[in-house]
Structure formats: C-alpha cells, structure tokens
C-alpha cells in the first residue's frame with residue numbers, strides 16, 4: 001500500500017512564528033502518537049527565487065509575514081482518516097488553546113491530501 005501525505009501552506013506573521021512553533025510541536029507529538037509516520041513544519045527561508053512562482057507571491061504574503069510549508073505522512077489514505085479522527089478526538093489538542101488566538105489566518109491556509117507519485 002502506498003504512503004499518503006497531507007500537505008499545507010500557511011501564511012504566518014513573522015512576529016507569531018514562536019507561538020506557531022509551540023503549537024506545531026504539540027500537534028506533531030499528538031499526530032505521531034496516533035500513527036502518523038512523519039510530521040514536518042518548515043518556515044520559509046529562501047523565498048526570493050528567480051524562477052517559478054515564489055510561495056509568498058502565490059499566497060499573497062505581506063512583508064511582515066512568512067510562509068510555513070508542512071506535511072504529515074501516513075501509511076495510506078485510509079490510515080490518514082483513522083489517525084486524523086483520533087487526533088481530532090484527542091483533548092490535548094485543544095487544551096490551553098480555548099482562549100488562544102491562532103497564530104495564523106485559517107482562511108488563508110492551503111491544504112490537500114496527496115498520493116505519493118515518486119519516492120526516491
């Protein structure tokens with residue numbers, strides 16, 4: 001069975017990166033405990049590319065914002081659905097976040113599930 005990946009592109013205010021990192025570390029631990037094979041959160045570093053469409057332009061990021069590129073790897077899409085159901089039911093995900101302002105705008109988040117085409 002082929003692995004499956006959920007991918008995300010987020011626009012995060014630079015001043016909120018540390019808050020995002022704290023939240024992402026907690027989330028990553030929970031996803032892994034429930035069966036995700038990998039959990040990665042990457043912050044934009046080399047965004048002034050000379051070819052293609054740079055992520056900041058694609059996401060319409062302001063100079064005060066940066067891009068976070070993230071992915072979670074699962075055994076399969078079926079496994080992804082099981083893992084995500086467990087994660088969403090896990091009370092630790094929401095603990096301490098009830099009154100917390102999200103460190104990014106959820107309406108500007110891009111998300112999708114992907115079948116792996118090539119694994120080298």
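Every number here is computed from the coordinates shown, using simple stated rules; none is lab data. Remember, it's a predicted structure, so these values are computed and weren't measured experimentally. Quick reminder, even Gly has a Cβ in these numbers, built from the backbone with ideal geometry, and neighbours come from all protein chains shown.
Quick one: compute the contact order of the chain, relative version, from alpha carbon pairs under 8 angstrom and 6+ residues apart, as a percent.
Value for the chain: 50 percent.
Applying a 10 Å radius around every beta-carbon, put 36-44, 55-63 in order of their mean neighbour count, most first.
36-44, 55-63
With each label point set 7 Å from Cα along the Cα-Cβ vector, what nm distance links residue 33 and residue 21?
2.3 nm
In whole angstrom, and with the biggest value first, how far do the Cα coordinates of the chain range along each principal axis?
41, 38, 20
When the chain is treated as a GNM, springs tying every alpha-carbon pair under 10 Å, which of 14, 75, 48 comes out with the largest mean-square fluctuation?
Answer for the Gaussian network model of the chain: 48.
Hey, what number do you get for the chain at 222 nm if only DSSP H runs of n ≥ 4 count, each worth -39500 (n - 2.57), divided across all residues, to the nearest 500?
-8500 deg cm²/dmol, from helical runs alone.
For a paramagnetic label modelled at 7 Å from the Cα of residue 116 toward its Cβ, which residues of the range 1-21 fall within the zone defined by backbone nitrogen distances under 11 Å?
Answer for this model: 1-5.
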